[in-house]
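Below: the structure, in structure tokens.
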Amino acid sequence: MKFDRTTIAPLALAFALAACGGGAEEADDPALTETPEVTEAEAAPEDIAAPVEEEAAAEAEAVEEEVEETTAAPEPEPKPTASATPAAKPSPAAAAAAPSGPPQAFVQCSVCHSTEPGKNGIGPSLAGIYGTKAGEVAGFKFSPAMLESGLTWDEATLDRYLKDPRKVVPGTIMGFGGVKDDAKRKAIVDYVKSL
């Protein structure tokens, strides 16, 4: 877009003066408040706008033509052949791999239990407890009820205990009501197994 200097200069001056915001004395001066007459040759916004509109229309047409060309003749999709390699199946080891981190349901457990070996909190560390006897975490003072329970922390026992700790070990000092949701409980048990 091209502007004539005779159009830009008076406009720039008018904007500059308006931005300065003169005092009350300047408002009384008719020379400052009069707007200069603009000739038809200076104004001509139609002359400026018309080429711009024509350019925009031409560009839009070109884009539409490109879209039509690209959608008119789609490339054929490759078809599988008998010589293609079979899709990889996950190995049993990959399927049984440990979770990448604690499940969301474990957040409530982490308030009292650590997953670091030897770092006990309000409750014992859960690191490495899977497959061990209840009450064997070093450095933690278990209740007599837990020490005498004779439980081994396998999948079934952990599931039952997490569902209702006070029912499985009456007299436990764990002040947690249990996890009633089967899927959440399974996620916690699977995570504890991986520690």
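The values are calculated or read from the model by the stated rules, or taken from the named source; none is laboratory data. Predicted model, so just to flag it, every value in this text is computed and none were measured. Heads up, the Cβs are rebuilt from the backbone with ideal geometry, glycines too, and the neighbour counts pull from every protein chain shown.
Would you tally the residues in the stretch 86-110 being modelled with pLDDT of 70 or more and touching a Phe, Trp or Tyr at 6+ places or on another chain (Cβ under 9 Å)?
Within the stretch 86-110, residues that are modelled with pLDDT of 70 or more and touching a Phe, Trp or Tyr at 6+ places or on another chain (Cβ under 9 Å) number 7.
Working carefully through the options Ala105, Ala156, Ala145, find the one that is within 33 Å of the chain's Cα centre (by Cα) and among the aliphatic types (A, V, I, L, M).
From the options Ala105, Ala156, Ala145, the qualifying one is Ala105.
If I go through the stretch 157-174 residue by residue, how many of them are out of contact with any Gly (no Cβ under 7 Å at 6 or more places or on another chain) and either part of a loop (DSSP other than H, G, I, E, B) or not hydrophobic (A, V, I, L, M, F, W, C) (or both)?
Looking only at that region, the number is 11.
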